[in-house]
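Novice: My questions all concern the structure below.
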Amino acid sequence: MEYVVLIVFYLVILIFDFMPERKSRGRTNDILYLTVALCSLLLIILFLALPESFRLSTALRMFLPYIQS
Amino acid sequence: MAVLATKQITRHQAISLIALFIFGNNVMIGVNSITGKDSWLAVIGAAILCIPILMMYGRILSLNPEQGFFDIIFKLWGKAFGTVATLLMVWFSLHSGALTFRSLYEFIIGNTLTDPPYLLFPMILLLIGLYLIRGGLSVLGKWSVSLVVYIFLLALLTAILSLKMIDPEYLQPVLRHSVKDMAIGTTQIMSFPFLETVILLPIVSTVKCDGRYISVLLKGLLLAMPIMIYVTLRNTLILGEPLMDIVYYPTFTAVQTLHIGGFLTRIEESISTYMILTCLTKIAVCLGMAANGVARISSLPEPEKIAAPMGLLLFAISLLAVRNMGELIMFIKYYPMYTVTFQLLIPLALWLTAEWKNRRQKKAGLPS
């Protein structure tokens, strides 16, 4: 149910923020807007797909080996 | 020049915004616990050590007055390196905002409400943050001035109420921790939250202050310091070191013990209000900086038009950043190592380049 609300939230943002200013923003920036929105959606899908043990902080700590000890 | 509309922010608003940004989520989760009861000394040491670094940030802006921060990066480093540096700063502001965002809704969900829908509150908070940014700098500036006044009044109230709850023995013995622990603690406090003010540089660059950006940054630090020290001291004096080590939100827990005459309680709700508001300000600023950076790279004249998808990206990163609140607090221990690039190395390289170009132009007799 929460994820349905999330999809509705995305649609609300697109309808009320993206659509009204489409002409003033220009085509290139429309593509940029949609690309960034799509990236965020992909990250959320990644969040759902990845195991809970894998998070950004875990990955960052792996790149700081001298901290691990 | 891609700067946040509308208009500019005044000097006093910028100083208030810097102070609010420093409070951010730091007041909620408290300073690091490695120095325990000596945390207040680490806060003072961190603030003093941050002064030269903030002066460096201000000097970068002073050498290129009335230019946006990202315009300065592109001017000094060209398109290729400028794009890389801007993307790194955009990433840092998004990640920092995401961690603040995560700590905020974990606080709301964990402390104040019973089993609420997990994703609903982040969405509502994001909408408020987006409104602050879409409204422009003038909205953010007015918001920050009124909020700072509210915070000082609240601090005064809680100071008076906490007088009978404090136990001076919780502070003793002073400087029990080793020099190494104090150094580590000071470094952690420097990176979180003081040097996160690097995220504010695009906003500070819009202030009309006759090139005196250094004084704006230092006055913001000076405004935030007393509250930071007071909050740290109060938490230590009320809770004591062992309890401070185990609670996630020491400020909230400390204020829960306060009451007026036994009949007026739940004062922590007013504290949670100001925690939410300061975190929202920090999230809005991080979002604004990220939008500003992306707008500069893509030559979009109005950064607020890209704020909404950046907000969605920030929200998504906040979900992926950490597993839970405990991991977020653990991550603060690694924060200085992670943020040294964004808070020190990139600004240092920018400053050196700016000084070198300035001297070269002066020798050639050209205007800077």
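Novice: Of all residues in segment B:294-314, count the ones that are facing another protein chain (nearest Cβ under 7 Å) and either assigned to a helix (DSSP H, G or I) or open to solvent by less than 10 Å² (accessible area, probe 1.4 Å) (or both).
Specialist: Counting residues in segment B:294-314 that are facing another protein chain (nearest Cβ under 7 Å) and either assigned to a helix (DSSP H, G or I) or open to solvent by less than 10 Å² (accessible area, probe 1.4 Å) (or both) gives 8.
Novice: Additional query: So, of the residues in segment B:129-150 that are of a type in the set (Val, Ile, Thr) and at pLDDT below 90, which turns out to be most open to solvent (accessible area, probe 1.4 Å)?
Specialist: B:VAL139
Novice: Ok, one more. Would you confirm whether any residue within segment B:197-214 is in a helix (DSSP H, G or I) and among the small types (Gly, Ala, Ser)?
Specialist: No, segment B:197-214 has no match at all.
Novice: Exactly one of these conditions fails for B:TYR248: (1) in a helix (DSSP H, G or I); (2) away from chain A (no Cβ under 14 Å); (3) not charged (D, E, K, R). Give me its number.
Specialist: Among (1) in a helix (DSSP H, G or I); (2) away from chain A (no Cβ under 14 Å); (3) not charged (D, E, K, R), the lone unmet condition for B:TYR248 is (1).
Novice: Determine, yes or no, whether B:THR251 is on the phi < 0 side of the Ramachandran plot, modelled with pLDDT of 80 or more and surrounded by fewer than 19 Cβ atoms within 10 Å (Cβ to Cβ).
Specialist: So B:THR251 fails the test.
Novice: Ok, one more. Could you say which residue among B:LEU352, B:LEU287, B:LEU258, B:LEU345 is in contact (Cβ under 8 Å) with a residue 60 or more places away in the chain and either within 14 Å of chain A (Cβ to nearest Cβ) or open to solvent by 40 Å² or more (accessible area, probe 1.4 Å) (or both)?
Specialist: Result of the check over B:LEU352, B:LEU287, B:LEU258, B:LEU345: B:LEU287.
Novice: Okay, next question. What are the pairs, 6+ residues apart or on separate chains, where a residue within segment B:178-206 that is in contact (Cβ under 8 Å) with a residue 40 or more places away in the chain and over 16 Å from B:THR281 (Cβ atoms) has its Cβ under 8 Å from a residue that is assigned to a helix (DSSP H, G or I) and among the acidic types (Asp, Glu)?
Specialist: B:MET182/B:ASP38; B:GLY185/B:ASP38
Novice: Within the group B:ALA291, B:ALA295, which residue is modelled with pLDDT of 90 or more, within 13 Å of B:GLY97 (Cα to Cα) and not β-branched (Val, Ile, Thr)?
Specialist: Just a single option satisfies the conditions, and that option is B:ALA291.
Novice: As an exercise: evaluate B:THR232 against (1) surrounded by 19 or more Cβ atoms within 10 Å (Cβ to Cβ); (2) modelled with pLDDT under 85 and give the number of the one condition it does not meet.
Specialist: Exception for B:THR232: condition (2).
Novice: A further question follows. Pull out all pairs, ordered by first then second residue, where Cβ-Cβ is under 7 Å, the residues are six or more apart or on different chains, the first lies in segment B:120-140 and is away from every other protein chain (no Cβ under 14 Å), and the second is buried (at least 18 other Cβ atoms within 10 Å of the Cβ) and of a type in the set (Phe, Trp, Tyr).
Specialist: Correct list of pairs: B:LEU132/B:TRP143.
Novice: Please return the ranges of helices (runs of 4 or more DSSP H) entirely within segment B:1-90 where 3 or more residues are surrounded by fewer than 23 Cβ atoms within 10 Å (Cβ to Cβ) and of a type in the set (A, V, I, L, M, F, W, C).
Specialist: B:39-62
Novice: When you look at B:LEU171, is it open to solvent by 50 Å² or more (accessible area, probe 1.4 Å), of a type outside the set (S, T, N, Q), over 27 Å from B:THR278 (Cα atoms) and in contact (Cβ under 8 Å) with a residue 24 or more places away in the chain, yes or no? Break it down into steps so the answer makes sense when it comes.
Specialist: Details: open to solvent by 50 Å² or more (accessible area, probe 1.4 Å): no; of a type outside the set (S, T, N, Q): yes; over 27 Å from B:THR278 (Cα atoms): yes; in contact (Cβ under 8 Å) with a residue 24 or more places away in the chain: yes.
No, not satisfied.
Novice: Any residue that is over 22 Å from B:LEU127 (Cβ atoms), open to solvent by less than 40 Å² (accessible area, probe 1.4 Å), touching a helix residue (DSSP H, G or I) at 6+ places or on another chain (Cβ under 7 Å) and at the interface with another protein chain (Cβ under 8 Å from one of its Cβ atoms) - is there at least one of those in segment A:33-55?
Specialist: yes
Novice: Same structure, new question: Considering segment B:183-196 alone, what residues qualify as being open to solvent by 10 Å² or more (accessible area, probe 1.4 Å) and part of a loop (DSSP other than H, G, I, E, B)?
Specialist: Selection gives B:PHE192 alone.
The values are calculated or read from the model by the stated rules, or taken from the named source; none is laboratory data. Just so we're clear, the structure is a prediction, and the values are computed from it rather than from any experiment. Reconstructed Cβ throughout: ideal geometry from the backbone, glycine too, with neighbour counts over all protein chains shown. Heavy atoms of the whole protein, side chains included, go into the accessibility calculation; ligands, DNA and RNA do not. Shrake-Rupley method; radii C 1.70, N 1.55, O 1.52, S 1.80 Å.
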